[in-house]
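The values are calculated or read from the model by the stated rules, or taken from the named source; none is laboratory data. Since the model is a prediction, treat every value here as computed from it, not as a measurement. In this analysis, Cβ positions are derived from the backbone assuming ideal geometry, glycine residues included, and neighbour counts consider all displayed protein chains.
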Amino acid sequence: MPRLFFSVDVHGANSVWRKWLKMPGYHGVDALLLCGDLTGKSLVPIIDQGNDTHRAFYFGKNWSLTSGTEVDEMEQRINDTRARTPTERED
């Protein structure tokens, strides 16, 4: 009989997705079922202010980002905590 791993309510958190994808090897299951509440809970815009600066309002704090690395780190932080960044940047 096949073994299933069932999970719900990840709310778009990338950190949860990454852990979830490792479950077949960890638990020896044949199939994964991920059901319900798959998308993020909010959108957090990262706004390009021009002259290589960006700003974001996240978890009650105004963030001023002054390098591409800071923007990338903020996107990662946001994506790992069940939110999404609706921006598209040209690198």
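The table for this structure:
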read-out: Subset of the stretch 15-41 (residues that are assigned to a loop (DSSP other than H, G, I, E, B), under 22 Å from N79 (Cα atoms) and of a type in the set (D, E, K, R)); value: K22, D37, K41
read-out: Residue that is modelled with the highest pLDDT [pool: residues in the stretch 59-91 that are crowded, with 18+ Cβ neighbours inside 10 Å and in a strand (DSSP E or B)]; value: L65
read-out: Which numbered condition G12 fails, given (1) part of a loop (DSSP other than H, G, I, E, B); (2) exposed (fewer than 14 other Cβ atoms within 10 Å of the Cβ); (3) of a type outside the set (D, E, K, R); value: (2)
read-out: Answer residue from the stretch 40-70, given it is within 24 Å of V10 (Cβ to Cβ) and of a type in the set (G, A, S) and is farthest from the chain's Cα centre (by Cα) among those; value: G60
